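The values are calculated or read from the model by the stated rules, or taken from the named source; none is laboratory data. Quick caveat, the model's predicted, so the values are computed rather than measured. Cβ placement follows ideal geometry from the backbone for every residue including glycine, while neighbour counts extend to all protein chains displayed. Ligands, DNA and RNA are excluded from the accessible area calculation, which covers all protein heavy atoms including side chains. Shrake-Rupley method; radii C 1.70, N 1.55, O 1.52, S 1.80 Å.
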Amino acid sequence: MDADELLQLAEQIAREAGELARRRRDEGVRIAATKSALADIVTEADREVEALIRARLTEARPADGFLGEESGAERGESDVTWVVDPIDGTVNYAYGIPHYAVSIAAVTGEPDPEQWTAQAGVVFAPAIAELFRAARESGAWLGADRLAVSQATDAGALIATGFGYDPATHAGDLERVRIVMPLARDLRRAGAASLDLAYVAAGRLDGYFERGLHPWDHAAGALLVTEAGGRVGGAPGGRPGRQMTIAAGPDLYAALDTAIHR
Ligand code: LIP
């Protein structure tokens, strides 16, 4: 298994999938259904784009496993599993906000975010033609630029966060914002976890935290952050997951981790 080979395949498929998503956006978005809550929508494009990604992966690497937001999980015979969010930032996509992305990661080992090893990751924002990519031990890149997380400054940190679809969780999420605010120069809520993580890797954000993410929301973005010299975690000492996801440069990570889990 060659991480660079997996990255090339992920990039090629993400570009094709992103173009399809962008085209469907121009043609008009149709809501196919709601999921965990009325606000948790899935569009016909989410499903169509995931089906395209899955078909291309099966053509190129039929023995690999798959875990996708819209079509679920299938174990493979090989040690590689693809973790896919076809349109991350679906609500932005539906509202016509050009801040959404195709997120594709290749992981090895048990297809479980508590155990897997990310080998390659791509986050592609087709509306602004930005493709963030990383392969294990080969750094994180945007075009020809090698990415590096930001260093903390006295002005405070520019921190992003997000809120789940279940209204019952909002009070707790807002309380966490109140607790973190003393560390911040300002807050951002842009609506796509994969791009929040990519922006931390690129130093466009100093830090990010969110409760309630699914594996496909963070699989590729987390590798971008660690390959850019940052830290990604969740519960104290743990990995990113439903309970919590935190990403930042080492110093800010420690401060966020302490504040959120005190
Ligand atoms: C979204 C995440 C975002 C979170 C939303 C939702 P989706 O993923 O990217 O960070 O705040 O609640 O989970 O549903 O657009 O794939």
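Descriptive notes on the structure:
- Flag for ARG176 being more than 10 Å from the ligand (Cβ to nearest atom), touching a residue at least 40 places away in the same chain (Cβ under 8 Å) and among the charged types (D, E, K, R): yes
- Which listed residue, of ARG185, ARG204, ARG239, is touching a residue at least 60 places away in the same chain (Cβ under 8 Å), away from the ligand (no atom under 14 Å from the Cβ) and not in a helix (DSSP H, G or I): ARG239
- Within the range 207-218, being in contact with a strand residue (DSSP E or B) (Cβ under 7 Å, 6 or more places away or on another chain) and either at positive phi or more than 12 Å from the ligand (Cβ to nearest atom) (or both) holds for one residue alone: GLY207.
- Pairing residues of the range 76-104 that are closer than 24 Å to TRP116 by Cβ and open to solvent by 20 Å² or more (accessible area, probe 1.4 Å) with residues that are more than 9 Å from the ligand (Cβ to nearest atom) and assigned to a strand (DSSP E or B), at Cβ distances under 6 Å and at least 6 apart in sequence or on separate chains, gives GLY76/GLY65; ASP79/THR108.
- Scoring ASP251 on the criteria (1) within 16 Å of the ligand (Cβ to nearest atom); (2) in a helix (DSSP H, G or I) leaves a single failure, condition (1).
- Condition broken by SER36, with the remaining ones in (1) of a type outside the set (A, V, I, L, M); (2) under 21 Å from the mean Cα position of the chain (by Cα); (3) modelled with pLDDT of 95 or more satisfied: (3)
- Residue that is modelled with the lowest pLDDT, among those in the range 148-173 that are away from the ligand (no atom under 16 Å from the Cβ) and over 21 Å from the mean Cα position of the chain (by Cα): ALA152
- The numbered conditions (1) within 11 Å of the ligand (Cβ to nearest atom); (2) among the small types (Gly, Ala, Ser); (3) part of a loop (DSSP other than H, G, I, E, B) are all true for GLY221 except (3).
- For the condition aliphatic (A, V, I, L, M) and either within 16 Å of the ligand (Cβ to nearest atom) or surrounded by 12 or more Cβ atoms within 10 Å (Cβ to Cβ) (or both), ALA134 qualifies.
- The condition (being closer than 19 Å to TRP141 by Cα and open to solvent by 30 Å² or more (accessible area, probe 1.4 Å)) is satisfied by just one residue among GLY229, GLY172: GLY229.
- Residue, nearest to the ligand (Cβ to nearest atom), within the range 188-201, restricted to residues that are buried (at least 24 other Cβ atoms within 10 Å of the Cβ) and without any contact (Cβ under 8 Å) to a residue 60 or more places away in the chain: ASP196
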